[in-house]
Amino acid sequence: MHEYTARIEWQRNAGEAFTDNRYHRRHRLQFDGGAEWAGSSSPAVVPLPLSDASAVDPEEMFVAALSSCHMLWFLSLAAQAGFVVERYTDQAAGVMQRNAAGKLAMTRVTLRPQVQFAAGGAPEFAQLQALHHRAHEECFIANSVNCPVLCEPQS
């Protein structure tokens, strides 16, 4: 077992009434390795200027965590299989809508990885699909969520 930690810090600006629900949502995210990010609510959820569009929101972090975990597993599995990956990019997207219980939830995340391999060393299409399938099966984050996580490899 390993515990992962994050510190989330928000402070009310002087003069904000707070109880009128018109307070800023910008906050600081600090991770156990030392990384820091500016966080905010999504402008799609809480309108500007109460949200900060330049900061990362929880929905984006959710999608990014799934994409990052899948990529890390894919890279490991490709290396084990003897394939040299030169570049990996993913234009991942999550859909938030009401679920069967009527609650707003991430109901689907689609990963769209594009992988470039070393010249002359690309896997066959079936091998590439199998690597992505296995990466999805091994991804800790995908194993932790209840919405479908689709993988649509791009060429």
Q: Check GLY121 against each of (1) modelled with pLDDT of 95 or more; (2) in contact with a Phe, Trp or Tyr (Cβ under 7 Å, 6 or more places away or on another chain) and name the one condition it does not meet.
A: (1)
Q | So LEU104, is it surrounded by 18 or more Cβ atoms within 10 Å (Cβ to Cβ) and either over 14 Å from the mean Cα position of the chain (by Cα) or within 28 Å of GLU3 (Cβ to Cβ) (or both) | A | no
Q | Looking only at the range 41-84, and only at residues there that are touching a helix residue (DSSP H, G or I) at 6+ places or on another chain (Cβ under 9 Å), closer than 16 Å to TRP10 by Cβ and part of a loop (DSSP other than H, G, I, E, B), the one that is modelled with the lowest pLDDT | A | VAL45
Q | Subset of the range 1-43 that is in contact (Cβ under 8 Å) with a residue 12 or more places away in the chain and small (Gly, Ala, Ser) - its residue that is farthest from MET96 (Cα to Cα) | A | ALA6
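Tell me the residue from ASP52, ASP57, ASP32 that is loosely packed, with under 11 Cβ neighbours inside 10 Å and among the acidic types (Asp, Glu), please. If you could, list the steps in order and put the result at the bottom.
Details: ASP52 fails: loosely packed, with under 11 Cβ neighbours inside 10 Å; ASP57 fails: loosely packed, with under 11 Cβ neighbours inside 10 Å.
Just a single option satisfies the conditions, and that option is ASP32.
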Q: Return only the number of the condition from (1) surrounded by 11 or more Cβ atoms within 10 Å (Cβ to Cβ); (2) under 18 Å from the mean Cα position of the chain (by Cα); (3) more than 19 Å from TRP73 (Cβ to Cβ); (4) not basic (Lys, Arg) that ASN146 does not satisfy.
A: (1)
Q. For the subset of the range 109-133 comprising residues that are more than 13 Å from GLU152 (Cα to Cα) and touching a residue at least 12 places away in the same chain (Cβ under 8 Å), which member is surrounded by the fewest Cβ atoms within 10 Å (Cβ to Cβ)?
A. ALA118
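The values are calculated or read from the model by the stated rules, or taken from the named source; none is laboratory data. All values derive from a computational prediction rather than experimental measurement. All Cβ positions, even for glycine, are placed from backbone atoms using ideal geometry, and neighbour counts span all protein chains on display.
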